[in-house]
Amino acid sequence: MAEGTARPLTTDGDRLWRSLMDMAEIGATTAGGSNRLALTDADKAGRDLFVRWCRDVGCSVEVDAIGNIFARREGVRPGAAPVLIGSHLDTQATGGRFDGVYGVLAALEVIRTLNDAGVHTEFPIEAVAWTNEEGARFAPAMMGSAVWSGAQALADAHARTDRSGCRVDEELRRIGYLGDRHCVPGPVRAAFEVHIEQGPVLERAGRQIGVVTGIQGVRWFEIGVDGTSCHAGTTPMDARRDPIRALSEFLPELHRLVDRHQPLARLTVGRLAAIPGAYNTVPKRATVGVDLRHPDAAVLDDLAAALESSVLAACERHGLSGSVRVELDCAPVSFAPECVDAVQRAADACGYHAMRMVSGAAHDSMHVARVAPTGMIFVPCEDGVSHNEAERARPEDLEAGCNVLLGAVLELR
Ligand SMILES: [Zn+2]
């Protein structure tokens, strides 16, 4: 856009909404959500519709070896690296109509808008649909972007199976999306992903646009505490080695620890088990699954160290043996200042109330940011509800996010 000119180019919010609702017909659930689990027939139908829409607007479409779809609108400068915009089309089994699919169809709407306005960009634009972001059928989540960015080996991803033993590569072939494009990133000018926030922060703050500065780090811990099984009625309290004694000390300590690091630290005890698990038996073992998050890598390290020493000290006080194993470790991501600023300027140019924020959830952009300057845009979703058939977003917010996506792309030089 020329400097100082008044109105930025804007997208067609009604057309975007119609595309979202058309896509939501595929795998529609009775409760008003979507079920397009990765590499199912419904995922194929959603992909086919997206590819058809992309070809209709003149894009060339390529699919890589993990099934990522790249729909390309050429630029005018020969050899210029593309700008990637997109997200994912797959959903949870009881997913919503906006998580992921919004970012893909907003990318398509950006291309439609540029075509209508006769705007030619210097660089090519590729609308991307990453494979299996949700990880609901095949672990891990964010598979397509992980393989593309080099975080996961292609052969490893291909060999992953769902609960009934179906392999990723066989399912890709079956639905016609085992592509021949090499699954490696060439040079990328920049990447942007627009997504519903999946949390309540924007809504609470009364802001329409989240300028995402990064994604917080996440670490999972499997804590095991071993004691001795014995009879609940006959064994005096002072003659027991009860693992729960340790839990009842370290769990409050961990919560106090993260309370001291508010508002940024997050701790969730999502898994708890006493083994063997009978009313009248002191457990021989207890296991605790903890999800710990923080946007600052050094703080996350400190919290992790404090967690481990708290667990081991509590075990020692009670003559129990404790162990702490890291099950998942994703480092925090800081997005490229150039991309964050482009998003901010685009939001400002449109006059939207925006705020800077860190993403609480992981996204494909987490992997993309390893290899390309990356930015994200959030829009509010009702009550912060997501991964739920009741997920809702307002058409005007979706249009605003799409306008910011378009503006951010045009901010690049
Ligand atoms: Zn998503």
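Which cysteines does the chain leave without a neighbouring Cys Cβ under 4.7 Å?
Unpaired cysteines in the chain: C166, C183, C230, C315, C330, C339, C350, C381, C402.
Using only DSSP helix segments of four residues or longer, with each worth -39500 (n - 2.57), what per-residue ellipticity at 222 nm results for the chain after dividing by its residue count and rounding to 500?
Counting only the DSSP helices, I get -11000 deg cm²/dmol.
Using 0.36 nm per residue of separation minus the Cα-Cα distance, give me the extension gain between D383 and R167 in nm, one decimal.
74.1 nm
Could you please put E203, E316 in sequence from largest to smallest accessible area, using a 1.4 Å probe?
E316, E203
Can you list the residues, at least 5 places off or on another chain, whose amide H is less than 5 Å from the amide H of D90, using H built in the peptide plane?
N132, E133
What residues have an amide H closer than 5 Å to that of T29, excluding those fewer than 5 places away on the same chain, when H is modeled at 1.01 Å from N in the peptide plane?
Placed amide hydrogens put S34, N35 under 5 Å from T29.
Quick query: amide H of F192 versus all other amide H atoms, modeled in the peptide plane; which residues come in under 5 Å with a sequence gap of 5 or more or a different chain?
Excluding prolines and chain starts, which carry no amide H, the hits are L84, I85, G86, G375.
Rounded to the nearest 5, what is the percent of antiparallel bridges among the DSSP beta bridges in the chain?
So the antiparallel bridges in the chain amount to around 70 percent.
Could you work out the per residue convex hull volume over the alpha carbons of the chain, in cubic angstrom?
Per residue, the Cα convex hull of the chain comes to 150 Å³.
Among the helices of the chain (complete DSSP H runs), which have Cα atoms covering no less than 15 Å along the helix axis and a Kyte-Doolittle mean of at least -0.5?
Counting only whole DSSP H runs, the qualifying helices are 13-24, 101-117, 243-259, 297-317, 337-350, 395-411.
What does the extension gain come out to for T10 and S334, with contour length at 0.36 nm per residue minus their alpha carbon separation?
Length gained between T10 and S334: 113.8 nm.
Please report the projected area of region 74-150's Cα convex hull averaged over all directions, in nm².
Working: hull surface 23.2 nm².
So the mean shadow area of the Cα hull is 5.8 nm².
The values are calculated or read from the model by the stated rules, or taken from the named source; none is laboratory data. Computed from a predicted structure; not experimentally measured. Reconstructed Cβ throughout: ideal geometry from the backbone, glycine too, with neighbour counts over all protein chains shown. Calculation scope for accessible area: heavy atoms of the full protein, side chains included, ligands and nucleic acids excluded. Shrake-Rupley method; radii C 1.70, N 1.55, O 1.52, S 1.80 Å.
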